[in-house]
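Note sheet for the following structure.
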Amino acid sequence: MSSYINDHRAELERRHYVLKATTRDRFFNVYYKKLYNYYRQRYEDNFCLIIDCSKDNDNAYIIPFAAVKALFAERYLQSGRSRWIGHVYHDRLSVGDSSNYCSVAEHLKAFENLGDKNIHPRNAPSDIDELIISEEVAAIETGIFDINNITDGRQRIVASIVRRRGQPKLRKMLLENYGGKCAITDCSVQEVLEVAHIIPYKGLDSNHPSNGLLLRADIHTLFDLGLLAIDTADMTVILAPNLTNTSYGELSGKLLRPPNVSHPSKEALDQHRAWAESQWQPNTCRRQRR
């Protein structure tokens, strides 16, 4: 059986707080900080809690937040916690350890509550803002990153979105610059050629040909992990010691393929090399660049 909520979850999450409850006992996780940070700030009290109690049909409570916001009062929820257990029992909604509850019987399958009802954010979010909301709700509910580190998570998502938008143009330029071949291996299979930022992405200015190399996917990974770098004295490849006796060992000393225009920044390559070689020290835990 088709489910409207499942089919339109991403769209609904832009304007309402969607919570998945267990089918039998109707328990669900309430991410309290998320609720306030992303929905109340944009819509004040003009959004709904959608408590989805079924996998394959629309047996759900569509509850205007204003009708139950007393359950989320600071005096009932400890500010130091980020997640609470909610429960719907005999059409009564309760949250956390409080004995308080609200009757929500009238809101079962009340999809009319999803009408406009002046549900417009005070500062209308851009497409990126809406995507961020959807991405972060999903990330938190699946435990991808710590809710207490939400700002850093938001920054990573923004960077990822803009990076994906910027790289097609940069990739096209680098493909032209390097004649459609990997700058190190001369591989010409374009499906496996990627843009490697010499200095990690930190804004649109990072998407510049002088801050990029066209590399085969596996070489790109080695470069990003600091296992491979470039000696700008003669523009040759240097490898981490633990790669010497591997199949990649033959790349040591290989001349970097010169581009037609927009040569890679030697300053950026030197900075990358310094970081990479710092990873080669004994007892140093490998870490990706920030």
Original post:
So which pairs qualify, if the first residue must be in segment 33-48 and over 20 Å from residue 115 (Cβ atoms), the second must be in a loop (DSSP other than H, G, I, E, B), the Cβ gap must be under 7 Å, and the two must be at least 6 apart or on different chains?
Top reply: 33/82
**OP:** Would you check if there is a residue in segment 227-242 being under 20 Å from residue 175 (Cα atoms), of a type in the set (Gly, Ala, Ser) and in contact (Cβ under 8 Å) with a residue 24 or more places away in the chain?
**Re:** no
**OP:** Would you check which residues across segment 4-45 are closer than 16 Å to residue 88 by Cβ and assigned to a helix (DSSP H, G or I) and list them?
**Re:** 5
Original post:
Which members of segment 244-269 meet the condition of being assigned to a loop (DSSP other than H, G, I, E, B), surrounded by 11 or more Cβ atoms within 10 Å (Cβ to Cβ) and in contact (Cβ under 8 Å) with a residue 24 or more places away in the chain?
Top reply: 254, 256, 257, 259, 262, 263, 264, 265
Original post:
Looking at this structure, is residue 219 over 19 Å from residue 181 (Cα atoms), aliphatic (A, V, I, L, M), out of contact with any Pro (no Cβ under 9 Å at 6 or more places or on another chain) and free of Cβ contacts under 8 Å to residues at least 40 places away in the same chain?
Top reply: no
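No lab work stands behind these numbers, since they all come straight from the coordinates. These numbers were taken from a predicted model, which means no experiment stands behind them. Ideal geometry is used to build each Cβ from the backbone, glycine not excepted, and the neighbour counts take in all protein chains shown.
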